[in-house]
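I have placed the structure first, in the form of structure tokens, so that the comments after it can refer back to it.
The values are calculated or read from the model by the stated rules, or taken from the named source; none is laboratory data. Note that the structure is a prediction, hence the values are computed from the model and not measured. Positions of Cβ are generated from backbone atoms using ideal geometry, with glycine treated the same way; all protein chains shown enter the neighbour counts. For the accessible areas, the whole protein counts, side chains as well, though only heavy atoms, and no ligand, DNA or RNA atoms are used. Shrake-Rupley method; radii C 1.70, N 1.55, O 1.52, S 1.80 Å.
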Amino acid sequence: QDVPGVANAGRAYLFFGGAALDATPDLSINGSVSGNTFGATVAGLGDINGDGFSDWVVGEPGDDSSGIDSGRVLVYFGGANPDSTSDLEMRGDAGSHRLGLHTGAVGDVNGDGYADFTASSNPPTTAGQVDLFLGGAAPSAVAHAV
């Protein structure tokens, strides 16, 4: 959804579960830059940092931090009072990579007890790329080599 006055900046919503569900977002995070498409993908991750709360990821494939449309992925740790400040940020390698086109939970792929996740990009020189990020007590923004 567009943010008023900022075309294609994007927005992501978090809805808390519970006995009485409703259609009102419990947390709304606005993209801030026109064309960045914040919230193009959103996924629940499970608990990637082992604190007992589920975490979530938001893709922003139009971000220009590492070049035009390099993209980025932002992870938000859950908690008793989750906020709109990202806790982990991954940036696309170069322009036109569009990191964050897809994001997703993959469970605990390495058996260490922490949830892991993926983010895809579409570098112009390949047919696409999927990066694996491993959870842990202090999750890293560096993709695990696969």
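So here's what we get for this one:
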{"read-out": "All positions within region 95-114 that are more than 14 Å from the chain's Cα centre (by Cα) and buried (at least 17 other Cβ atoms within 10 Å of the Cβ)", "value": "His97, Tyr114"}
{"read-out": "Residue match in region 67-78 (condition: of a type in the set (S, T, N, Q) and open to solvent by 50 Å² or more (accessible area, probe 1.4 Å))", "value": "no"}
{"read-out": "Residue list for region 1-29, restricted to those being buried (at least 16 other Cβ atoms within 10 Å of the Cβ) and within 24 Å of Pro139 (Cα to Cα)", "value": "Ala12, Leu14, Ile29"}
{"read-out": "Close pairs from region 123-137: first on the phi > 0 side of the Ramachandran plot, partner open to solvent by less than 20 Å² (accessible area, probe 1.4 Å) and in a strand (DSSP E or B), Cβ under 9 Å, at least 6 apart", "value": "Gly128/Ser120; Gly128/Ser121"}
